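Here is the structure we will look at, set down as structure tokens.
The values are calculated or read from the model by the stated rules, or taken from the named source; none is laboratory data. This is a predicted model, so every value here is computed, not measured. Note that we place each Cβ from the backbone using ideal geometry, even for glycine, and neighbour counts take in every protein chain shown. Remember, those area values only see protein heavy atoms, side chains included, never the ligands or the DNA or RNA. Shrake-Rupley method; radii C 1.70, N 1.55, O 1.52, S 1.80 Å.
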Amino acid sequence: MSLRRPMLSTSALCYLALMLHSPLLTRAQTSILGFTPPAATHEAEIENKFKAIPSPDEERKQHHIFTAEPHVAGSSRNNELARYIADEWRNEGLEDVIIRRYDVYGSNPKSTFLEMVAPVHYRAGLRELPVPGDPDMKNKSISSAWSGMSASGEVTAPLVYAHSGNPEDYELLRKQGIDVKGKVVLVRYSNPYSYRGFKALTAEREGAAAILIYSDPAEDGYKKGLVVPKGPWGPEYHIQRGAITYDFMVPGDPLTPGWASVPGAKRIPVEQAASIPKIMALPLSWHDAKPLLAHMDGPVAPDDWQGGLPIKYHLGGERVRVHVKIEMDNSTQPYYVVEGRIRGAQLPDEWIVLGNHRDAWVFGGVDPSSGTASMMELTRALGKLAKAGTRPRRTLVFCSWDGEEVGLTGSTEWGEQFADELRKKAVAYINVDSSTSGPNFHGQAVASLAPMLVETSRTLRDPSGKTLYEAWKASSTRERSEAKQSGAVTDLNVTDSNLADTRIGSGSDHTVFLNFVGMPVLGLQFDGPYGVYHSAYDDFFWMNHFGDPGYRYHTLMSQLWGVLALRLANADLLPFDFASYASNIRQFVNELTKGMGTRNDTSQLDLKPVLDAIDAFEAAGKRLDESANRALASGAIDPKLADTINHGAMQVERNWLNPDGIPGRPWFKHILYGARFTYAHLELPGLTEAVEKQDWATAKQQAEILRQALINNTKLVNELNSALNNGTTEAGK
Ligand SMILES: [Zn+2]
């Protein structure tokens with residue numbers, strides 16, 4: 001195997017060896033958020049034992065198993081992998097291992113077809129060709145090009161180039177006199193990025209007959225750097241598959257919105273399903289898009305619409321005509337969620353939930369099988385500790401989700417099925433989708449858990465030899481200065497309080513837990529240059545040559561994921577920081593006000609009462625922090641009192657839910673976090689959308705809902721504080 005990444009130099013290796021034996025790593029840590037000093041010492045011992053178990057060789061072995069064959073949702077291979085995970089978990093010592101079945105609206109291709117019929121004939125291959133050195137690319141079961149949840153149909157019509165397919169792009173076309181009604185639109189994946197489902201919805205609203213979405217080399221191909229097999233970027237034939245499901249309206253099985261698709265569940269008619277697109281969609285490689293673009297007539301496209309291909313991009317609309325035919329199989333199919341747990345020794349009815357999706361568009365080298373490998377090493381290590389008698393105090397629940405790629409389906413159905421139980425028992429959810437496509441750590445957390453994520457990163461060693469904390473800070477600083485050049489970021493200063501990303505959109509399996517159940521969530525990922533997303537080239541070869549050849553970041557992910565879970569599972573007082581939550585919410589409100597100021601809207605909506613409520617919540621959070629620190633420092637906390645404080649603290653996140661949901665999207669109930677249709681994070685979703693629409697009546701209502709939630713949580717946190725100071729156990733009941 002030839003490694004294309006620079007090997008560590010000898011001096012770097014010596015440095016690494018030195019660091020491994022430095023007292024930093026072996027010294028028992030006596031201070032951990034939420035732990036008394038003796039408990040922290042004990043916890044550090046457990047963590048050290050745990051961290052020593054995951055190994056790069058085992059990560060690689062698991063990764064090879066999961067990437068051996070394509071395993072799209074609903075396929076027999078993906079179901080076989082579900083049984084494999086269940087068997088492994090049983091052998092590893094996990095308890096209550098069960099495979100749960102959900103019967104959902106299926107979306108698989110029977111056939112997809114595209115040809116240019118004028119001015120010349122070209123039949124799109126819709127295939128990804130093998131590259132030297134990668135045996136998996138010869139696999140006969142690699143699918144052709146298709147989009148999940150595409151409509152079926154057939155059309156022959158003129159082709160229009162609509163840039164990124166966002167609403168402003170159609171505005172520009174209209175100004176040029178180009179109407180896309182009844183036509184086929186050709187759009188790029190990311191310039192700027194928006195979720196392909198939003199592109200599909202936009203094209204559908206514009207009346208287009210079909211949408212073709214292609215990967216321009218400017219975004220993820222040769223304009224970025226070397227392509228597969230020489231580098232990590234996407235080659236000529238790579239196809240970004242993906243679903244176009246309108247899961248920003250409601251995720252999960254489209255026919256059971258808000259409840260689980262278990263046997264006997266009520267199902268709504270397909271015509272009423274808000275998340276099923278009515279437009280045909282097909283992804284293309286640039287190899288198949290180039291002949292179409294090259295023959296287009298009409299006005300020359302604007303400069304920022306020009307792409308990486310060596311041709312002049314035109315808007316089209318007349319000369320090029322294409323024939324699209326798509327036949328989908330929408331029969332009901334079973335998806336399988338694998339669930340297992342390590343029962344808590346002292347508090348079995350308090351759960352830390354950990355999950356990763358199993359289904360992949362093809363082999364899933366990065367997405368998601370890197371995460372699956374990290375999860376398998378995590379369960380092996382924790383299972384080993386449990387077998388040796390080291391059990392967490394609280395229960396760890398592990399889940400392998402299905403159909404994430406289709407519409408966050410498996411996790412949504414599971415979350416909906418157990419929502420009531422989760423609202424009683426769940427402490428937090430930790431999601432790992434793709435664990436590794438490079439060395440740069442990206443950590444997400446609701447603001448109350450951001451401090452514990454940052455603290456935890458200090459106790460882990462990055463393969464570079466630095467602590468994960470230092471590596472995270474360095475890559476974060478680098479990314480910010482790059483983003484500053486493009487004007488996306490103004491604050492370059494990376495501090496402990498802004499290191500973790502507290503702006504959580506959608507696009508992975510945390511969604512149901514945060515937005516529907518009301519659980520605090522964390523999301524973890526290492527990333528790097530990655531141009532083969534959702535293509536067949538995202539495979540074992542890619543990982544071993546570019547993403548993580550030594551599987552060291554996979555290993556670090558298992559360690560990090562496990563240490564976070566253990567801290568949440570073993571803490572005396574759950575490490576929620578509500579003062580940090582308050583200051584984050586204030587930042588969200590201030591950003592909204594700033595936007596309103598530039599539009600002169602501040603006279604329409606007074607957010608001062610909300611800011612006052614935030615101040616009160618912050619003060620309550622600070623007092624609780626101080627009391628908790630004092631109680632922890634005393635060395636022991638009465639278990640009944642700890643129980644009262646912890647159950648009250650768990651309730652805070654639930655209190656951010658509005659049962660009615662955000663306006664127009666009742667499934668999304670969280671009032672602090674939401675997602676735009678593009679999947680981008682959207683803070684204070686109900687309030688922000690109302691302000692953007694200048695719908696002041698709704699904005700006032702939403703502001704009042706926010707203020708009430710802040711008041712409720714301030715009252716709750718104040719009660720917890722008194723309980724802690726008086727030693728009573730009555731608060732929060
Ligand atoms: Zn994924």
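Things to note:
- Residues with amide H under 5 Å from that of Asp329, placed H, sequence gap 5 or more: Asn108, Lys110
- Using alpha-carbon coordinates, inclination of helix 10-20 to the longest axis of the chain, degrees: 40 degrees
- Radius of gyration (Cα atoms) of the stretch 41-85, expressed as a multiple of 2.2 N^0.38 Å: 1.70.
- Working from label points 7 Å from Cα in the Cα-to-Cβ sense, the Asn139 to Thr156 distance is 3.7 nm.
- The value obtained for the stretch 68-154, namely the Cα convex hull volume divided by the number of residues, is 127 Å³ per residue.
- For the peptides 662-674, 636-648, residues were scored by their other Cβ atoms within 10 Å and the scores averaged per peptide; the highest-first order is 662-674, 636-648.
- 3J(HN,Hα) along the stretch 107-114: 8, 10, x, 8, 7, 10, 8, 9 Hz, from the Karplus curve 6.51 cos²θ - 1.76 cosθ + 1.60 with θ = phi - 60°, whole Hz, x for Gly and Pro.
- Above-threshold pairs, the threshold being 23 Å between Cα atoms, out of Lys140/Lys223; Lys266/Lys425; Lys224/Lys312: Lys140/Lys223; Lys266/Lys425
- The stretch 355-408 - Debye-derived log10 I(q)/I(0), Cα point model, q = 0.26, 0.29 Å⁻¹: -0.97, -1.10
- Neighbour net charge for Met116 - beta-carbon separation under 12 angstrom, K R +1, D E -1: +2
- Solvent-accessible surface of the stretch 474-556, taken per residue with a 1.4 Å probe and all protein chains present: 32 Å².
- Cα-based reach from Lys384 at 20 Å (exclusive), listing lysines while leaving out same-chain residues under 8 positions away: Lys49, Lys51, Lys61
- Cβ-derived FRET efficiency at R0 45 Å, Trp259 paired with Lys223, nearest 0.05: 0.45
- Charge sum, other residues only, whose C-beta stays under 10 Å from Thr156's C-beta, Lys/Arg counted +1 and Asp/Glu -1: 0
- For the pair Ile98 and Asp601, the difference between a 0.36 nm per residue extended length and the Cα-Cα distance amounts to 175.7 nm.
- Shape index of the stretch 208-332: Rg/Rh, with Rg the Cα radius of gyration and Rh the Kirkwood radius from the inverse mean 1/r over Cα pairs, equals 1.08.
- A Cα-only calculation for the stretch 416-479 places Rg and Dmax at 14.9, 44 Å.
- Annotation: per residue accessible area for the stretch 222-350 equals 39 Å², rounded to a whole number [probe 1.4 Å, protein chains only].
- Between the Cα long axis of helix 468-485 and the first principal axis of the chain there is an angle of about 40°, rounded to the nearest 10.
- Note that the stretch 278-369 carries a Kirkwood radius of 19.0 Å, evaluated over its alpha carbons pair by pair.
- Accessible carbon and sulfur surface of the chain relative to its total accessible area, %, 1.4 Å: 53 percent
- Kirkwood-type radius of the chain, with distances r between different C-alpha atoms, in Å: 26.7 Å
- Cα pair distances in the stretch 386-509, grouped into 5 Å bins until the bin that holds the longest one, percent each: 2, 8, 14, 17, 19, 16, 13, 8, 3, 1, 0
- Descending by average beta-carbon neighbour count within 10 Å, the peptides 375-387, 142-154, 512-524 line up as 512-524, 375-387, 142-154, the highest first.
- Modelled this way, with points 7 Å down the Cα-to-C-beta line, the labels at Ala636 and Ala68 are 5.3 nm from one another.
- Acute angle (nearest 10 degrees) that the helix 552-570 long axis makes with the longest principal axis of the chain, alpha-carbon atoms: 40 degrees
- Protection proxy ranking, highest mean first, for peptides 97-103, 129-135, 390-396, 613-619: 390-396, 613-619, 97-103, 129-135, where packing is the per-residue count of other beta-carbon atoms within 10 Å, averaged.
- Under 9 Å, Cβ to Cβ, from Val262 - net charge with Lys/Arg +1 and Asp/Glu -1: 0
- Translational diffusion coefficient (Stokes-Einstein; Kirkwood radius from C-alpha pairs) of the stretch 321-466 at 25 °C, 0.890 mPa s, in µm²/s: 140 µm²/s
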